[in-house]
Amino acid sequence: MPFDHNDHYHRLLLRKLPEQGHGRTALDVGCGTGRFARRLAARGYTVGAVDPSAEVIAAAERIGGGPRFRRTDAASAALPTAHYDVITCLASLHHMPFRTVTRFRDALAPGGVLLVLGCYAGHTWWDLAAVPADAVARAGVSARERLRGGGPAVVPAPVRAPRMSLAAVRGEASRLLPGARVRQLLYWRYLLTYRVT
């Protein structure tokens, strides 16, 4: 499997979920081929997984594994009000207007949580600390793939560079999701956590 910084954070995101997944609903926005959506399903969630790319949704459906995959643009598709216990959005919010988080907020059930593993533009001193770790991680994954004789064919998801700085993300999150927390992570990522009370 090629190196993916988002996979590096799966465990962190899983620790932020409500303890009991059984009987709960989750929506994974920008699911790609469904790696994180499958992890949610393995935790007992009934998972809807959406992505605007027909190619990656077709690949996700071929792999299967529990989630219900659907090709749709979460920024404009109808979402049920006060329905989901968890909404996750991994490295995909920067592909849509940031204000889309208000649609996710409105789709959360009471007590529900929104988890955004986002990408930001620009560099901070913390980003510079990630450069050596990034090089080591990529080299390790590359060596492991060579030893295994390569990995399965991967369908690349469309990629767009983030435009918002971390400061802008924090400002908009504070305005649109009062009480949200934004934590800076390595690899030009942040974790936005918002819980409906």
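The values are calculated or read from the model by the stated rules, or taken from the named source; none is laboratory data. None of these values were measured; they are calculated from a predicted model. Here Cβ is always computed from backbone atoms with ideal geometry, including for glycine, and neighbour counts include all displayed protein chains. Surface accessibility is based on the protein's heavy atoms, side chains included, excluding ligands, DNA and RNA. Shrake-Rupley method; radii C 1.70, N 1.55, O 1.52, S 1.80 Å.
Among the residues of the range 53-91, which ones are under 21 Å from residue 108 (Cα atoms), in contact (Cβ under 8 Å) with a residue 60 or more places away in the chain and of a type outside the set (S, T, N, Q)?
Answer for the range 53-91, where residues must be under 21 Å from residue 108 (Cα atoms), in contact (Cβ under 8 Å) with a residue 60 or more places away in the chain and of a type outside the set (S, T, N, Q): 85, 86, 87, 89, 90, 91.
Please indicate, with yes or no, whether at least one residue in the range 96-107 is touching a His at 6+ places or on another chain (Cβ under 8 Å) and open to solvent by less than 70 Å² (accessible area, probe 1.4 Å).
Checked against the condition, which is being touching a His at 6+ places or on another chain (Cβ under 8 Å) and open to solvent by less than 70 Å² (accessible area, probe 1.4 Å), the range 96-107 yields at least one hit.
Which residues, taken from the range 32-41, are free of Cβ contacts under 8 Å to residues at least 60 places away in the same chain, open to solvent by 20 Å² or more (accessible area, probe 1.4 Å) and farther than 19 Å from residue 112 by Cα?
Residues satisfying the conditions are 35, 38.
Yes or no: the range 3-25 includes at least one residue that is of a type in the set (A, V, I, L, M, F, W, C) and crowded, with 22+ Cβ neighbours inside 10 Å. Break it down into steps so the answer makes sense when it comes.
So in the range 3-25, the residues of a type in the set (A, V, I, L, M, F, W, C) come out as 3, 12-14, 17.
The next check asks that each one be crowded, with 22+ Cβ neighbours inside 10 Å; those that pass are none.
Within the range 3-25, not a single residue is of a type in the set (A, V, I, L, M, F, W, C) and crowded, with 22+ Cβ neighbours inside 10 Å.
Evaluate the following for residue 135: is it farther than 26 Å from residue 37 by Cβ and modelled with pLDDT under 95? First the steps, then the outcome.
Details: farther than 26 Å from residue 37 by Cβ: yes; modelled with pLDDT under 95: yes.
Yes.
Would a scan of the range 99-117 turn up a residue that is in a loop (DSSP other than H, G, I, E, B), more than 19 Å from residue 10 (Cα to Cα) and over 15 Å from the mean Cα position of the chain (by Cα)?
If we filter the range 99-117 for residues that are in a loop (DSSP other than H, G, I, E, B), which is where we start, we get none.
Looking through the range 99-117, none of the residues is in a loop (DSSP other than H, G, I, E, B), more than 19 Å from residue 10 (Cα to Cα) and over 15 Å from the mean Cα position of the chain (by Cα).
Residues being closer than 11 Å to residue 118 by Cβ and not in a strand (DSSP E or B): count how many of those fall in the range 181-197.
1
Pick out the one residue from 47, 56, 29, 86 that is within 25 Å of residue 163 (Cα to Cα), more than 11 Å from the chain's Cα centre (by Cα) and either exposed (fewer than 15 other Cβ atoms within 10 Å of the Cβ) or among the aliphatic types (A, V, I, L, M) (or both). Reasoning before the result, please.
Numbers: 47 fails: within 25 Å of residue 163 (Cα to Cα); 29 fails: more than 11 Å from the chain's Cα centre (by Cα); 86 fails: within 25 Å of residue 163 (Cα to Cα).
So the residue among 47, 56, 29, 86 that is within 25 Å of residue 163 (Cα to Cα), more than 11 Å from the chain's Cα centre (by Cα) and either exposed (fewer than 15 other Cβ atoms within 10 Å of the Cβ) or among the aliphatic types (A, V, I, L, M) (or both) is 56.
Does residue 81 count as open to solvent by 20 Å² or more (accessible area, probe 1.4 Å) and not charged (D, E, K, R)?
Taking the combined requirement at face value, the residue satisfies it.
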